[in-house]
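The values are calculated or read from the model by the stated rules, or taken from the named source; none is laboratory data. From a predicted model like this one, the values you see are computed outputs, not experimental measurements. For neighbour counting, all protein chains shown are included, and Cβ atoms are generated from backbone atoms with ideal geometry for every residue, glycine included.
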Amino acid sequence: MPIIHEVATMTAKGQITVPKPIRQALDVDAGTRMVFELRENGEVIVSRADAEHEDPAIRAFLGLIEQEIGAGRGVEDIPDDVERRMLEHAGLNIDPDAPIEGDVDL
């Protein structure tokens, strides 16, 4: 059961006014960027563009990297076994020790 249920009508230009209770709940006003996610079941999720809506695994990984950098260690200091497991979990068959081929922009 939804917390708030509101109905809005789309204009001929495809515009919808976000109902006031929804704007208040999301703390949005004019100029706020919004994200629309269409799920396979037809459900649409609307959130603030700056809201936390990314993958929790990525959020955890970025938190780990932030801690490492804060402790004075860089990404290059990640233990080899951790690096290999991260690549495996990402579904990538990459040898991190292989030479880089081609041009690289830094």
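The condition (being over 29 Å from Met34 (Cβ atoms) and either hydroxyl-bearing (Ser, Thr, Tyr) or at pLDDT 75 or above (or both)) is satisfied by just one residue among Gly91, Gly63, Gly72, Gly102: Gly102.
In region 5-54, what count of residues is obtained for those that are at pLDDT 90 or above, among the small types (Gly, Ala, Ser) and on the phi < 0 side of the Ramachandran plot? Final tally of qualifying residues: 2.
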